[in-house]
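Trainee: Just dropping this structure here.
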Amino acid sequence: MTESAHPSLSSNALDHEELFPIREVSRLTGINPVTLRAWERRYGLIQPTRTESGHRLYSQADIDEVRNILGWIERGVAVSKVGGLLAKSQVIKAQALQTLPQGLQDDWGQWQAQLRQAVRAFDERQLEQVYGQVFASYPLVVVFQDILMPVWQEMRTAQDVFGQLSEWLFLDGFLRARALQRLQLAREQQEIHVVLAAIPGQCRELELLVAALLLGSSEIAVSVLPLGQPMEELSLVCERIKPHALVLFSNHPPANDLPKRLARLALGLECPLLFAGEAADLAQDLLVGSQVACLGSEGRLMRRRLQQYLAGHLDT
C-alpha cells in the first residue's frame, strides 16, 4: 500500500480523538519506528491516520493492535501471518460486543486508567479498592475479560522500559491471588464437574485461572490442573476424578499435529473432550467432524457453549 492511500485528517478532526505520533507509540510499545513502518507498508497490519502534512498519528486502538501483534509474535507466529489471526479475532470480538450498550467501553477505559495508576504506584490498597469497585459495577465476565485482562496483556507486552516488568509482575501476582480466591469460594455442591487443563507451555497461569472463572457457573464446578500437566496422563487423571468433561486450553496457534493429538487423547477418555482459548477459535475448521467440541475464547460464548454441550444441545 502506498503512503498516499492512507487516510488523512484535518486539524478539526484531530480534536475529536487523542492521537499519538510514531515516537510516542514506539515509547509506549517498545517497537521502534522502523518496524512500525515496515508492519504498515509490507504487511498492512497498522493503518495510522495522517495529518495534512503527512505525519503518522496512531489512535489508542492502533496501539492496542500493536500489542496484539506483539502477543502473537511472542507465541511464535510469523509477522506475515499475524494479519489473518487478528482479522478472525476481531470478528469474534465484534460479534460478542454487539449486544452491549453503547458507551460501555468508554466506562471500561476509565476503570482501566485507575487500574494502571494503582499498578504504577505499586499501591496494593488502591488496587484492591479499584478491583472491588469494578466488581460492584459489573459481572465477573466483564471484569476479567473486558477490564482487567486487557491491562494485564498490555503490560505483559510492554516491558522494554525500566520498571515495566516489575509493574506487570505486581499486577499479575495480585490478579492470580484474587482469581484463586474466587475459584476456592466458588467450590460449592454443583452437580456438574469439569476439569480444565492447559496444553503445556501454551498459556500463563492467570489466563488458565480466568478461563476457569469464565467457564464456571452455579451449576458447573471447574477444577484447574496445574500448569505443566502432561497431556499423555490426562486420561489417568480423568479416570480417577471422573469429571463430566475435560476442557483443554491453549492461547497459541494450533500446530499441524493438534487434531491427531486431540483425537488420540479423546480415545483414552471416558468423558467428552472440549477445547477452549484462542487456539480453539483458530482450530475450528481443523476439528470439524471430530470428537472434540470447540468452545472458543470469548468468555460469554465459552460458558454458553459449555452449558449447551453438557445439556446435549451442541454438536462437535
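Trainee: Residues that are surrounded by fewer than 15 Cβ atoms within 10 Å (Cβ to Cβ), not assigned by TED's automatic domain parsing to the domain that holds R303 and not acidic (D, E), at least 1 per element: which strands (runs of 3 or more DSSP E) completely within segment 210-290 meet that?
Mentor: none
Trainee: List the helices (runs of 4 or more DSSP H) inside segment 20-94, counting only whole elements, that have at least 1 residues being touching a strand residue (DSSP E or B) at 6+ places or on another chain (Cβ under 6 Å) and without any contact (Cβ under 8 Å) to a residue 40 or more places away in the chain.
Mentor: Numbers: elements: 22-29, 33-38, 60-74.
In segment 20-94, 22-29 are the helices (runs of 4 or more DSSP H) which contain 1 or more residues that are touching a strand residue (DSSP E or B) at 6+ places or on another chain (Cβ under 6 Å) and without any contact (Cβ under 8 Å) to a residue 40 or more places away in the chain.
Trainee: Which numbered condition trips up E219, out of (1) more than 23 Å from the chain's Cα centre (by Cα); (2) of a type outside the set (S, T, N, Q); (3) within 25 Å of L282 (Cα to Cα)?
Mentor: Failing condition for E219: (3).
Trainee: As an exercise: evaluate F174 against (1) modelled with pLDDT of 95 or more; (2) exposed (fewer than 14 other Cβ atoms within 10 Å of the Cβ); (3) hydrophobic (A, V, I, L, M, F, W, C) and give the number of the one condition it does not meet.
Mentor: Of (1) modelled with pLDDT of 95 or more; (2) exposed (fewer than 14 other Cβ atoms within 10 Å of the Cβ); (3) hydrophobic (A, V, I, L, M, F, W, C), only one is false for F174: (2).
Trainee: Only one of (1) closer than 27 Å to D146 by Cα; (2) hydroxyl-bearing (S, T, Y); (3) modelled with pLDDT of 95 or more is not met by S235, so which one is it?
Mentor: Going through (1) closer than 27 Å to D146 by Cα; (2) hydroxyl-bearing (S, T, Y); (3) modelled with pLDDT of 95 or more one by one, S235 breaks only (1).
Trainee: Here are some residues: Q153, Q114, Q133, Q159. Which one is of a type in the set (S, T, N, Q), part of a loop (DSSP other than H, G, I, E, B) and either farther than 26 Å from S218 by Cα or at pLDDT 95 or above (or both)?
Mentor: On the way: Q153 fails: part of a loop (DSSP other than H, G, I, E, B); Q114 fails: part of a loop (DSSP other than H, G, I, E, B); Q133 fails: part of a loop (DSSP other than H, G, I, E, B).
Going through Q153, Q114, Q133, Q159 in turn, just one is of a type in the set (S, T, N, Q), part of a loop (DSSP other than H, G, I, E, B) and either farther than 26 Å from S218 by Cα or at pLDDT 95 or above (or both): Q159.
Trainee: Quick one: is I199 surrounded by 17 or more Cβ atoms within 10 Å (Cβ to Cβ) and over 12 Å from P226 (Cα atoms)?
Mentor: Considered against the rule, which asks whether it is surrounded by 17 or more Cβ atoms within 10 Å (Cβ to Cβ) and over 12 Å from P226 (Cα atoms), I199 comes out as no.
Trainee: Kindly indicate the residue of segment 41-57 that is among the basic types (K, R) and under 17 Å from E18 (Cα atoms) and also modelled with the highest pLDDT among those meeting that condition.
Mentor: Residue satisfying both the conditions and the ranking: R56.
The values are calculated or read from the model by the stated rules, or taken from the named source; none is laboratory data. Fair warning: this is a prediction, and the values are worked out from it, not measured in the lab. We place every Cβ from the backbone using ideal geometry, glycine too, and count neighbours over all the protein chains shown.
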